[in-house]
Each structure stands twice: as C-alpha cells, then as structure tokens.
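Here's the structure we're looking at; comments come further down.
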Amino acid sequence: GERYNPRESEPKWQKVWDERKSFVTANDDPREPYYVLEMFPYPSGRIHMGHVRNYSMGDVVARYHRARGKNVLHPMGWDAFGLPAENAAIERGMNPGTWTRQNIEAMKAQLKSMGLSIDWTREIATCEPEYYKHQQSMFIDMMAAGLVTRKKSKVNWDPVDMTVLANEQVIDGKGWRSGAVVEQRELTQWFFKISDYAEDLLEALDGLTEWPEKVRIMQRNWIGKSEGLRLLFELVPSAITTATSVEVFTTRPDTIFGASFIALSPDHALTAELASDNPALAEFVAECHRQGTATETLEKAEKKGVFTGLSVKHPVIEGATLPVYVANFVLMDYGTGAIFGCPAHDQRDLDFARKYDLPVVPVVLPDGADATSFAIADEAVTDPGLIYNSGFLDGLTVEAAKKAIAEHFAARSVDGKPQGKVEVNYRLRDWGLSRQRYWGAPIPIIHCETCGTIPVPKKDLPVVLPADVSFDKPGNALDHHPTWKHVNCPQCGGAARRETDTMDTFVDSSWYFARFTAPQAETPTIPAVANRWLPVDQYIGGVEHAILHLLYSRFFTRAMKATGHVDLDEPFKGLFTQGMVTHETYKSPTGEWVPPTEVVVEANGEQRSARHITSGEPIAIGSVEKMSKSKKNVVDPDEIVASYGADTARWFMLSDSPPERDVQWTEAGVEGASRFQQRVWRLMHDILALNEQPKETVASSDDNALGLRKVIHRAVAGIGQDIEGLGFNRAVARIYELTNALAKAKEGSPGPAMRAALREGIEKLVLLINPMMPHLAESCWEALGKQGLVADANWPDVDPALLVDDEVTLPIQINGKRRAEITVAKGTPAAEVEALVLALDAVQKALDGKTPKKIVVVPDRIVNVVV
Ligand code: ANZ
Ligand code: ZN
C-alpha cells in the first residue's frame, strides 16, 4: 500500500481546521467549560523543543476534553515585552516592536505547523496597546484600592542593562540576563503590595491540591513565614550614643541563654549614627554596600563585622553583657534589622563567633547526646532536643521553652515597653514593578510639581509607547525621548512630566489568562465571562516559573477581585510542570561544541562512536544536557517537522518519558515514532480491506473476537484515565499495545466476527491517537469513510460489560501438588471444568493411563485430582 505522507496531509488538515473554524471557542456555548493553557512564549524568534513538548501536552488535553463534549478554551499569545527585544533592537538598530512583531509572525507559523488545536482568534500580544491599555487601567484601579505604593528603596541595579532587577532576577549576585555584578542603589520605585496578601497566599496553598507538591513548597519557602519574638535589649549607657535599647527579631528565643553577641545591619539607624563618628565602621558599611543586596550573595559571603564599642545587658543572666557588632549578614528589611547571635545553634552566628572569638555555649541538648561531653565543632546544631545550660528553661522542649521565654519577656519592660512581643514575619517583599526600560507597558502616571503624583485619566488611556525612539545612549530611551514625557497636568493643566518607568514584564503575564476569556472586550475582563472560564482547569509550563510568575499571578487575581474584574482568588486549579528536553552533547578534537546535525553516530554493540559528517574527524560524545544554544545540542523543530512531520515530533515528545521528567531527544526515538505512524496507516488499510463494519455485540461463542473487543475497550478506558492524569507516556504505551493486538488478530484469515471487531478496533484506535497525532487521525478517519472530522468526533464509548474480567485461572493439583492450570470463563459448571481438565496434556501425562479416584472442582477457585 501507499505510505502515509505527512508533508502532504499535515498542511491540508491544518487548512481544513482553519477554514471550518474547528477550534474557535464561543463564550456562550452551553456545554461544560474546560480551560487548558500552556505558558505563553516569549517571542524570541523561533520555537524550541521545550515549546514543542509543552504545547504537545496541552494539545492532548485540549483535544481529549473536546472529544469528551466539553467547550474547550485553548488560546495562545505572546509575552512580548522585555529586555531581549530591546537588546536585539540595539544590536540591529531596529525598533524593538518591529523585531518583536516579526518574531511573532515567524513563531506563529511554526506553531501552526504543529497542528495545535488553538483558538487563534483570541491571540494576544502583551506589547500591543489593546492589551496594555487594560493593564494600565487596572494599575489605576489597584492604586485606588491601596494596592500600589511608591517608596524609596534599595534596589538591585544592573550596571550593564542599566535597570533595576527584582531579587529573583539576581542569580549569584549577578544580573540574570547580563551576568553583570549587581550593585545597590536607592531609587523611588513603584510597588504592588503583595506582602498584604502574604498570609492569604500562604494559607491558600493548602487548597491547591492539583499543584505539584514541590511548587507549593517553593512558594511556601518564598513567602517565608516565621513566628518569633521582638525582643528589647537594654544598652549599657555609653557616651557614643543616646540610644537606650536595641530591638531584635528572633525565631529562637529559647536559645537566649546561649546568646553571645548582638549584631546590627549596616543599614540600621544606630549603625548610621555610630558610623558618623567612627571611620572604621563607616568604611565597613561602604564595603557592605558594594557587596549587593541579593540574598544569595549575602548567604555565600564571608560573615564579617565590626565591634561598635557598645554592649547590652544580658536579659536573663544577671550581671552579664553582650557586645554589639555591625555585621554584613544582617538585612535591614527583615525583622528589625538587628539580631542576637547564638553561635551554638545558628551557622552564620557560629562562623561569626569563630572569627571574632566569641563564646559558643550550647543550650539545646540533642536527643541521645550526653550533657557533659556534648560540644560544638564547626557545625551549628539545629536538631531537636531538650534545653539545658539555661536556668529556668532547663528540661523544656524547644517549643515549650519558646512559649515560656515569650511569657517571661512579655511580663517585663524596657524603655517603658514590654520587653518581648510575639510577632509574625514574612520573607516576601513587596513587588517592585518599576523598570527603567523602554520596552514595557508605561506606568500611567503624571508627576506635577503642584498636584503631585496623578494617575492618567482613564479616558486618556492607553499611554502609548512612542515608536520613534533611539538607543544611542545607555539607559531608558523613554527618558531620552525629546517630547514624550512632557505633558500637561490632568488636574491643574500646568506643565508636568510623565512617569518614564515601565512595568516589569511579570505584570503582563500575571493576568493574560483572564484576558483570553474576552480578548477583545472594552474592559480588562467581562467579569461574568471570566468567572465562567476561570480558574484555568489545567495550566502547563516550566518549573522555572514555580515561584515568580505563579505567585504574582495568584496575587494579581486577588487584586483583580478586589477591584471587581474577576470573582475568584486562585487562577490555576490544576498545574503541571513538565521536564526538559535534553540531547547528547558533542565535542570536536579542538574542544568545540558540535551540533547534532553535523555528527554521525555509529553503534557497535554497546560501543558508540561519532565522527564529523563532512570532515570525518572523530567527535567525542559527551553527557546528556538540556538543549541549549551554548552547548549547541539543539534540534530545530522546523527541521523535524519538515523531515518527519508534526505528528511524529508530537508523538515522540509524549512517548518516551513521564511528562514531569526530562526527555532525551534521539534520532532513533524519532525514527521509531515515524515508523509507528506508517504502521498505523498500513494497519488501517489492511483492516479496511477486510471490508466489514463494526458490530455492537458479538456472539460469546466467538471467543477470539470477544477477547479482542475486551482488549479494545480496556484500552479506551485506560487511555482516557491516563490522559486525565496527564500520564501521556502511559497512554502511548497502551496505544502501542492495542496496535499490536490488532495487528496480531488480523493475521491468518479472520472470520466475520473477528473482522467486525478489527474494524471496531481500528476506528477506536484512530480516535485514541487523535489527541497526539491529529493529522494522521484525520487522514485515517477520511480513508475509513467516516463522516465529518475526527477533530469533532466524540471520545469512543466503553461497553462496561467488556471491562469485567470474566475469566479465571484455576490451579490444578494432582495428589496435592500443583501440576498445571486452566483458564475458563467465570462460573463454568464443575462438570464442564472436569472434562476440560481431563483433556489437558499435562494432566494426561501425570495420570499415566490411570483413572483418577476422585476429582474435586471448587468453581472459580481450584481443581484437585486424586490418583
Ligand atoms: C537568635 C537565634 C538563635 C536565631 C538561633 C536563629 C537560631 P527565619 O526563621 O528565616 O525567619 N534574623 C532575624 N532578623 C534578621 C535579619 N534582619 N537579617 C539576618 N538574620 C536575621 O530567621 C529568623 C532568624 O534569623 C532569627 O532568629 C535571627 O536569628 C535571624 F539558634 O535569633 B535568630
Ligand atoms: Zn497639577
């Protein structure tokens, strides 16, 4: 028969789906809504294999639920603002918008060639005024609702990209894009008050039962709730300050008897006061500022400090004092910006104490340790245990001691205030959204000398980015624009200035899922429509977004609720984070990375060797790594689609590994997928040639046909369950099994019942492969002479009677020893079983011509033969 030709059929079906608007979704469709969404791509220029994997999974879910009769929303758009466009524009002397829109066109064509069931009429690009206009309008609403503030703050400044970075964009003290060492600067910035929602965002994690546990843990840690004590230490009077006390925040007040020093942040008010008269301290503070604010930097840096000359009274040891230091590891924007150090039970404090020769007194005795010999070496001990060396706390557990000491300090006072106060702290900071860059949504604010900071009136929205910008000078091109920022104040009419900061691109992606529900609406959302679609039933994307994007979206949804744009808290009901696509790496004799397209790999048994495709020089096969441009181990989706077709690429992406794990792209794997496609096509033709129609029932006397029907129905039920549980690789495995069963049953000359079962099987198989290989499925469907498109067909029905396992295997014992077994229909009468057993070869042999004394058949259980 003829080979299946994906190059011909794939574009053909894509055109048919387009023309028939097969995947256009109506908001007023009465069927049950189902919203599946993959994280929208950044329009970098080309799609990569990670996208192919992500969108293949989403498409299986979308097509499956369509087939299940749901009204499926499966949209796509572009996360189109951001630095790379600006950098590319600078390099190429192009406007970032032109670059971005070209990329969108190219990538859209690539996505279309994958045959995804996307409603393209809902496409949005966050860089278009039609989109960011609504974002600006919501910013103004959020401002009115008290969810936006402007404050001076220390920011991470990327000296190469000349922009502020969020803490999360600072990796190992360096800018995530530029790699430049990040500095600290003080700037007036716009913030969303995400910290107002810290407790709610934390508590609601428990309800997100369809999220991966690891993502919930990451968010929990990011929010970083800690319950502790604010504790006042009385300063020993000194000529160098008028201050009388220092307040610290601690989560371990139970370790107070082990305290050996106090440390202030370099940014603490008292530090500043002391530094004005203390050059050594001033120099240390300056050094800390050069070090950067990123948490990671601080954690890795050597713990250092300077003694201030001050000391405090020990709050529980009569007559003792503790020295006060300024230390580089104490942050100003957490707790009170001051700590007490207990070196025995905190690693930072221990490192510090060893450096400055401070006492190390253990006060928690780990379970099983001996009080007389227990000592601290290089590692602080954080294991649970009982308090000792601690006066009235001795013998208590850590938890009990925390309570007891909190009560103790609550009852005492320093400076006329309670000495101790229980307090909850969150690590989560407000979300700084200001970016000093051109390619982002303008923050809709006007600064007037007389009236202050005024939101742009909604009738004047959008505040459109000017297209005529130049990137000659580093920094913000909006700021350099000759006219754009000069406006009249909407309030007094006087000369005023536009805000030139633009919004962090994470703002754009924090609500796009809501905009998809009514992408052309005059308002940010149509609340009734958004509420009907949201939350997204299944969201799929990379785990790299586990914290930022997902947390911001959760906050933004709450903010949209507070401002009346939606009526829900949680945007994503189901979340799935997929693994990465990996590939072997290759290196030339000179140590350069070589792309897979230039390598020929030969296998000789276990031994594999590689050479260069043209030069023939030996190539070293390296480790399997995430596909990346830097290691050149990338495979271009376009090339794969051109040579094997989209269905093959999709099938392979889904088949080889569980979706949460990494999948290794191999030539052999792709070829296997391609062969399977041909196999289905041939099988379909072979069965078609049998020229039989499926039948609803089959006589139970036709065991083989009945057996095949059971295999078919079990496959249908199992594959449905697998897809619902996102076990795509298991679904694929079952499809292979079913295909094998059909191919086997077709051998010989099947009778009419079997032919009917085969026809039923192939028709169902086509429906089952449709979510993964939709083009092949349409071609088969057409060849089988079925009405309409398989894209519109229902998921195959399962006959529950065929799922019942109605056979039993009975062990056969001869004189008490198990000699054989027999499989019969459940409930087969004893006499019938007896006859079948006696006819068995194994039984005949064991009897050796004798007649059995007795045969006992326990129906459906066991057969005993006594000779
Ligand atoms: C004394 C102590 C003893 C502490 C001990 C820990 C262990 P979490 O749990 O992450 O909230 N800390 C408080 N404010 C700080 C700041 N601004 N910069 C740096 N460190 C600060 O951490 C709370 C603990 O971190 C607090 O409890 C404090 O050290 C320190 F055996 O107090 B602890
Ligand atoms: Zn004014």
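Extent along the principal axes, Cα only, for the stretch 1-129: 50, 44, 25 Å, with the longest axis given first.
The protection proxy used here, the mean number of other Cβ atoms lying within 10 Å of each residue, ranks peptides 134-143, 317-326, 820-829, 199-208 as follows, highest first: 134-143, 317-326, 199-208, 820-829.
Given a 1.4 Å probe, how much area per residue of the stretch 349-493 is accessible, in Å²?
Accessible area per residue: 52 Å².
The alpha-carbon of residue 70 sits under 16 angstrom from the alpha-carbons of these aspartates and glutamates, leaving out residues fewer than 8 places away in its chain: 28, 29, 32, 59, 119, 537, 724, 792, 797. Please give the helix 347-356 orientation as an angle from the longest Cα principal axis of the chain, in degrees from 0 to 90, rounded to the nearest 10. Between helix and principal axis, roughly 40 degrees. Once the Cα atoms are used to define both axes, helix 6-19 deviates from the longest principal axis of the chain by about 70 degrees.
Each Cα pair under 8 Å and six or more residues apart adds its separation to the average, and for the stretch 134-204 the resulting relative contact order is 34 percent.
Protection proxy ranking of 799-806, 836-843, by the mean of other Cβ atoms within 10 Å over each peptide's residues and highest first, is 836-843, 799-806. In the structure shown, the pairs 225/313; 151/313; 587/626; 152/421; 154/303 are assessed against 24 Å; a Cα-Cα span above that value is assigned to 225/313; 151/313; 152/421. Projecting label points 7 angstrom from Cα along Cα→Cβ for residue 867 and residue 94 puts them 8.6 nm apart.
For a straight C-alpha distance cut-off of 19 angstrom, the lysines reachable from residue 133 (same-chain residues fewer than eight places away being disregarded) are 458, 459, 485, 561. Mean residue ellipticity at 222 nm, helices only, the chain: -11000 deg cm²/dmol; runs of at least 4 DSSP H residues each add -39,500 (n - 2.57), and the sum is divided by the number of residues.
Mind pulling the angle between the C-alpha long axis of helix 213-223 and the longest principal axis of the chain? Nearest 10 degrees, somewhere in 0 to 90. The angle comes out at about 10 degrees. Quick check on the stretch 497-554: take the gyration tensor over C-alpha atoms, sort the square-rooted eigenvalues as a ≥ b ≥ c, and tell me if it's rounded (a/c under 1.5), prolate or oblate. Cα axes put the stretch 497-554 in the oblate bin. Probing with 1.4 Å while keeping every protein chain in the model, the per residue accessible area of the stretch 232-295 equals 39 Å².
The residues of the stretch 598-650 present an accessible area of 58 Å² per residue when probed at 1.4 Å with all protein chains retained. So for the chain, taking the charge dipole from beta-carbon charges (+1 Lys/Arg, -1 Asp/Glu), which of 803, 34, 286 sits furthest toward the positive end? Value: 803. Expressed as a whole percent, the accessible area of the stretch 56-176 that falls on carbon and sulfur atoms is 51 (1.4 Å probe). Across all C-alpha atoms in the stretch 772-854, the radius of gyration and Dmax reach 23.7, 66 Å.
Basic side chains Lys and Arg get +1 at the Cβ, acidic Asp and Glu get -1 at the Cβ, and with that the dipole of the stretch 218-314 about its Cα centre reaches some 320 debye.
Length gained on full extension, residue 234 to residue 27, computed as 0.36 nm times the residue gap minus the Cα-Cα distance: 68.0 nm. Highest mean first, the peptides 78-87, 492-501, 436-445 sorted by other C-beta atoms within 10 Å per residue fall in the order 436-445, 78-87, 492-501.
Taking every C-alpha pair closer than 8 Å and separated by at least 6 residues, the mean separation divided by the residue count of the stretch 48-207 gives a relative contact order of 18 percent. Stretching the chain fully between residue 823 and residue 382 yields a gain of 152.7 nm (0.36 nm per residue, less the alpha carbon separation).
Within the accessible area of the stretch 318-381, the carbon and sulfur atoms contribute 49%, probe 1.4 Å, all protein chains present. Under the rule a/c < 1.5 gives rounded, and otherwise a/b versus b/c splits prolate from oblate, where does the stretch 561-610 land using the Cα gyration tensor? Cα axes put the stretch 561-610 in the prolate bin. When +1 charges are put on Lys and Arg Cβ atoms and -1 charges on Asp and Glu Cβ atoms, the dipole computed for the stretch 192-232 relative to its Cα centre reaches about 240 debye. Normalised by the number of residues in the chain, the mean separation of alpha-carbon contacts (under 8 Å, six or more apart) gives a relative contact order of 13 percent.
A Cβ-based charge dipole, computed about the Cα centre of the chain with Lys and Arg at +1 and Asp and Glu at -1, lands at about 1280 debye. Overall dimensions of the chain, expressed as equivalent-ellipsoid semi-axes from the Cα gyration tensor (√(5λ), whole Å, largest first), are 61, 41, 27. Partner lysines whose Cα lies under 23 Å from the Cα of residue 744, excluding those fewer than 8 positions away in the same chain, are identified as 695, 710, 764.
When the accessible area of the stretch 463-550 is split by element with a 1.4 Å probe, what percent falls to carbon and sulfur? For the stretch 463-550, the apolar C and S fraction of the accessible surface comes to 53 percent.
The values are calculated or read from the model by the stated rules, or taken from the named source; none is laboratory data. Since the model is a prediction, treat every value here as computed from it, not as a measurement. Note that we place each Cβ from the backbone using ideal geometry, even for glycine, and neighbour counts take in every protein chain shown. Surface accessibility is based on the protein's heavy atoms, side chains included, excluding ligands, DNA and RNA. Shrake-Rupley method; radii C 1.70, N 1.55, O 1.52, S 1.80 Å.
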